[in-house]
């Protein structure tokens with residue numbers, strides 16, 4: 001027989017799951033910050049970084065990179081591309097940036113929110129780029145970082161999907177005259193994984209990795225702003 005304490009614990013987790021599912025894309029995470037931010041000032045070239053834990057953790061590893069008031073981090077740990085697509089309007093478009101860097105897809109490959117096909121992953125990222133372009137925002141499409149294993153899902157070998165998604169994204173960016181930021185080529189090792197000197201594990205960058213990414217990002221931002 002289930003005791004009263006066990007029933008309370010079960011109810012807590014059921015309630016928590018229901019509440020969490022009501023904000024699947026975590027729209028509430030940056031709501032207050034977005035409201036306080038306001039519109040860009042004259043001549044401000046605001047840049048939004050949207051992504052998952054790789055983007056969110058960047059702020060912790062290299063806070064000085066985001067000391068610029070016009071560099072805005074909108075990463076959410078664990079997120080997949082459909083979640084980012086849902087919050088793209090509130091966390092990017094409504095902030096009226098000049099540029100957005102879209103770094104996404106690795107958690108889709110890890111099946112964080114269920115199985116995903118290569119075309120769907122790339123399609124969601126392309127949809128974000130199209131939303132940006134239609135709102136006068138320069139989209140920088142980032143390659144997925146190299147990864148050859150997931151510590152939290154050892155059954156999946158991500159190498160093939162990472163390569164396939166990156167090829168689609170690069171082709172789309174080139175055809176549509178968008179800036180493609182190729183983190184992969186600068187950070188990959190001989191086994192198609194993240195170089196040890198750049199990672200805390202097989203997926204997430206360390207400080208050295210983020211410093212390299214910062215240099216590449218700055219170059220891409222300058223390039224995007226120069227495009228007509």
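Every number here is computed from the coordinates shown, using simple stated rules; none is lab data. A quick note: this is a predicted structure, and the numbers were derived from the prediction, not measured. A quick note on method: Cβ atoms are made from the backbone with ideal geometry, for glycine too, and the neighbour counts reach across all protein chains shown.
Listing for the model above:
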quantity: Candidates 180, 88, 66: whichever shows maximal mean-square fluctuation once the chain is modelled as a Gaussian network with Cα springs under 10 Å; calculated: 66
quantity: Kirkwood hydrodynamic radius of the range 82-215, Cα pairs, Å; calculated: 15.3
quantity: Nearest 10 degrees, 0 to 90: helix 4-21 Cα axis against the chain principal axis; calculated: 20
quantity: The chain: relative contact order in percent, alpha carbon pairs under 8 Å with at least 6 residues between; calculated: 17
quantity: Among 72, 41, 121: highest mean-square fluctuation, GNM of the chain, C-alpha pairs under 10 Å; calculated: 41
quantity: Reciprocal of mean inverse Cα separation for the range 39-104 (Kirkwood radius, Å); calculated: 12.0
quantity: At 0.890 mPa s and 25 °C, Stokes D of the range 180-228 from Kirkwood alpha-carbon radius, µm² per second; calculated: 213
quantity: Alpha carbon centroid spacing (whole Å) that separates the range 201-228 from the range 100-176; calculated: 16
quantity: Range of Cα positions in the range 73-130 per principal axis (Å), largest first; calculated: 33, 22, 15
quantity: GNM result for the chain, Cα springs below 10 Å: residue of 114, 193, 105 fluctuating most strongly; calculated: 114
quantity: Cα-based convex hull volume of the range 115-168 per residue, rounded to whole Å³; calculated: 89
quantity: Whole-number D in µm²/s for the chain (Stokes-Einstein; Kirkwood sum over Cα pairs; 25 °C, 0.890 mPa s); calculated: 133
quantity: Cα→Cβ-extended label distance, 7 Å offset, between residue 23 and residue 130, nm; calculated: 2.9
